[in-house]
1. Roll a 1.4 angstrom probe over the protein heavy atoms and tell me the percent of accessible area of segment B:8-87 that is carbon or sulfur.
2. What length, rounded to one decimal in nm, is gained on full extension from B:THR142 through to B:ARG206, with 0.36 nm per residue of separation minus their alpha-carbon distance?
3. Relative contact order of segment A:113-258, please, whole-number percent, based on alpha carbon pairs below 8 angstrom and at least 6 residues apart.
4. Average the reciprocal distances over every distinct pair of alpha-carbons in the protein assembly as shown, invert the result, and give the Kirkwood radius in Å.
5. Where the centre of each part is set by its Cα atoms, how far does segment B:49-127 sit from segment B:271-319, in angstrom?
6. Where does the longest stretch of chain A lie that holds no GluC sites (Glu not before Pro) found in a DSSP loop with 11 or fewer other Cβ atoms within 10 Å?
7. Viscosity 1.306 mPa s, temperature 10 °C: give me the Stokes-Einstein translational D for chain B in µm²/s, with Rh taken as the Kirkwood radius over C-alpha pairs.
8. Distances longer than 28 Å among the Cα atoms of chain A: what percent of all pairs is that?
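The values are calculated or read from the model by the stated rules, or taken from the named source; none is laboratory data. From a predicted model like this one, the values you see are computed outputs, not experimental measurements. Using ideal geometry, Cβ is built from the backbone for each residue, glycine included, and neighbour counts are taken over all protein chains shown. Side chains are part of the model used for accessible areas, which takes the heavy atoms of the whole protein and leaves out ligands, DNA and RNA. Shrake-Rupley method; radii C 1.70, N 1.55, O 1.52, S 1.80 Å.
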Amino acid sequence: MALLEAQNVTKSFGGLTAVNNVSLTVERGSIVSVIGPNGAGKTTFFNVLTGIYKPDHGSIIFDGASIAGQRPDQITQQGIARTFQNIRLFNNMTAIENVMVGMHARLNAKMWQIIFQSPSVRTEELRARARARELLKFVGLEGRYDELAKNLPYGDQRRLEIARALATEPKLILLDEPTAGMNPQETLEATRLIQRLRDELGLTVILIEHDMRVVMTISERISVLDYGEKIAEGKPEEIRANARVVEAYLGRGAAAGH
Amino acid sequence: MSTTSLPNSPFAALNRGLPAYIALTAYVVVTSALMLTNTRTSLGTDVLFILFLLGFLLIYRAKVSNGYKLALGAVMLIGVVPYFGTLNAYYIELAIQAGIFVALALGLNVVVGFAGLLDLGYVAFFAVGAYLWGIFSTDQITQISPGASPVSPQLFYLFMALGLFVGAFFGVLLGLPVLRLRGDYLAIVTLGLGEVIRVLAVNLDRPINITNGAQGIKSIARPPLPDFLRALLPGLNDPQIYQLFIYALALLIVGITVLTVFRLKNSRIGRAWEAIREDETAAIAMGIPLVRMKLMAFAVGASFAGVMGVLFAAKQQFINPPTFDLIRSIGILAMVILGGMGSIPGVILGGVLVTLLDLQILPRIATELGALKRQGVVIPDWFDPAQYQRALFGLLLIIMMIFRPEGILPDQRRREEAHAIEDREASAKTEAGEAKMA
Ligand SMILES: Nc1ncnc2c1ncn2[C@@H]1O[C@H](COP(=O)(O)OP(=O)(O)OP(=O)(O)O)[C@@H](O)[C@H]1O
Ligand SMILES: [Mg+2]
């Protein structure tokens, strides 16, 4: 069974239908891209999947259970993690603390145990810290543990966001434009990192991405949104050859010229 | 062994190693001795008392072993202060007040500093604790239910524990309506809710007399003096022993409060609060249950105020609504901000400092100016120093916020934050300069 099955998801803001009747099926262990012009509704779709917005219509089945309408923290606990298009780190916390915040739902210390510092709390803290370091190493931030998030260079902030998302122990990770604003070298590294999420950690990945080279190299399937509607879905080669997609991206004239 | 550090000030050497131990001990011994030999309430003694208290700050900053810090601090708090208190009751009263407000400030710091929820009605929880003991330990209870009788003073300790839970309960109760609010809106609504509690205290004398209205509650019971204290402290009269007893209780609560907030801060709960303060949306997306964590912050913060309220009522033996007005909430908030939001040592310092300013330093300035005037120094008639205490306090706050917006002892991370802004401004200035030259 597919890991994620979104059916006929619709989300409007007043008169604007940002996501219109979109369905998406994501198989376990795959890397899937969602592309589309600016304002197509990609981020809004992510926000609906992660519970930031409740869908107006439609169903979302994740790992066999319906998550439509649940709170974001509940959805995260069930195994969906995300990053944000405009990086949203906890700026005045250190890198390692950012990651440890991500572990919140996976740690068990209760208030009374913390106040009385029961041995279980202490070992849990130590383990969490060690695990956070591992995750930071995994994304390439070894040794930057105690740096304030906001003092990290841009590319490292994106990595830190991924490490923080990993700390929630997700099955599915949603990446919103992970290479935005990166130079070609950084983009290449980010692309490798995304592949390692799947290959080494066994995660399923959905990414929103504008860089077509990235999209075409790493995605197994691509869905294209335009004005809130899904206008195409398929393998990279199919999408590349799809007239409607070319039209959406380049305008009617360009498509007619083909 | 470090060979890199060149002392850049003659005092740098005093800050570490053996000289640090000697200097620190000498400072504490000298200030203690001076203070204990000058016990008359006067400007001079005030200054000595403050110099003595400054010792705590030096201990905190000095690079000596934690064990030694703890021992020295304990000697001062458990030995010197109470002994001085037996020589001059005014100063132990100051210490008790400082203790009460330090605990309140630490509680408010959980809400404002840790979780970033600006709460202007915090004193309400203090009131709830105070009225809890005030009502149940006096005849007031018979007004509510004619058959009942005041509880035995022995139950004071039980009521301190009850104060914890009642405080937490009201924290949640007043937290519920403001869950969706942020920033300015949150501040205004909490201010309103805090006032509601005070107004209830004023008006709940009819139809059933619960709070005795504006007259307040008199003759509140005090916990019985433990017999062993009398045996332990021969030569002291009961009121003196009693003050020391209250001081010990206040110190104990402060100690427990410090330990509790310190542990919470460095736990998954503290990190969740901080994450909420930084970015609510990102926090919930990381699996943090927003409502639960916010209510927890309100409950924890309020519980300290509830306990301290019970102790306060017993200490004062009289409470009335004006004690719990908005100015009180703002005063506690000033302690948190002045000391350094989110910083535990900072908030302790802020609590002591504001209490001293309020009860000792500013009144002292007023009396000294009054004395000068009587001696013929020309001070215009319209300037009555006693009237200007609050203004002076406000001025101090403004100056602080201009020159040290992050507080006196900021949270380590917050300090970096403030300095990062400075750096940015500095680099912006040089860039602007370069642009002009080009
Ligand atoms: N909270 C909101 N309230 C009102 N309108 C919104 C809101 N969020 C998004 N929109 C609108 O919904 C539409 C889709 O926005 P969305 O951010 O999902 O686009 P996107 O595909 O992610 O675009 P981009 O590539 O620029 O990130 C836009 O017209 C946007 O203005
Ligand atoms: Mg977007």
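1. C and S fraction of accessible area: 74 percent.
2. Residue separation times 0.36 nm, minus the Cα-Cα distance, leaves 21.6 nm.
3. Relative CO of segment A:113-258 lands at 13 percent.
4. One over the average 1/r among Cα pairs gives 29.1 Å for the protein assembly as shown.
5. The two parts, judged by their Cα centres, are 20 Å apart.
6. A:1-141
7. 67 µm²/s
8. 36 percent
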